[in-house]
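What follows is a set of notes on a single structure, which appears directly below.
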Amino acid sequence: MSSYVVMEPPVADADAGRERAVLVSDGFHVLAFLVPALWLLWHRLWIEALAVIAVTMALSGFGSVLGLGNAAPALAFLVSLYVGLEGPALRLAALRRRGWRAWGLVEAGDAAEAEIRYLNEAEGEAGEPAAAGPSLVSAPPVAAPRPLAAPALGLFAYPGKS
């Protein structure tokens with residue numbers, strides 16, 4: 001099973017927000033690994049795509065100028081691996097910058113099943129009646145902090161202090 005982060009757009013109407021919600025699969029993305037710049041551009045991550053192109057070109061340029069041989073393709077491979085692993089996180093960060101909010105996490109076998117689970121849970125939350133008022137729950141007692149008599153790590157004593 002895969003986990004999907006559900007992002008809802010910044011709209012006042014909850015129904016319209018549910019219809020436009022985006023499910024972002026958490027995990028490794030093969031297309032992001034194989035063609036990182038195109039994958040980023042497809043998901044409208046313009047700045048990240050420019051950064052990947054610039055870093056890849058810089059690594060190739062440094063590799064040819066310094067005569068590193070096979071090190072430049074290996075470093076470009078690391079950039080692709082980074083985008084493959086962190087592509088979903090970059091996409092979530094871009095959505096948060098645009099004002100989208102994270103609704104929650106849904107576990108499902110595929111994206112269609114995740115969307116069905118999300119819609120069922122979201123409609124279930126919308127149909128619940130509001131609580132009558134705030135519930136009063138007493139907080140557990142908290143012990144007072146102890147004063148530090150010794151250094152935090154306890155390795156060395158400080159002169160003039162006990």
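Coordinate-derived values only; no laboratory data. In this text the structure is predicted, and so the values were computed from the model without any measurement. In this analysis, Cβ positions are derived from the backbone assuming ideal geometry, glycine residues included, and neighbour counts consider all displayed protein chains.
Some notes on this structure:
- Projected label distance in nm at ARG96 and ASP13, using a 7 Å step from Cα toward the beta-carbon: 2.9 nm
- Label positions at ALA54 and LEU105, each projected 7 Å from the Cα along the C-beta direction, are separated by 3.3 nm.
- Placing +1 on the Cβ of every Lys and Arg and -1 on the Cβ of every Asp and Glu, with no other charges, gives the stretch 1-116 a dipole of roughly 500 debye about its Cα centre.
- If R0 is taken as 25 Å, the Cβ-Cβ distance between MET1 and LEU81 corresponds to a FRET efficiency of 0.55.
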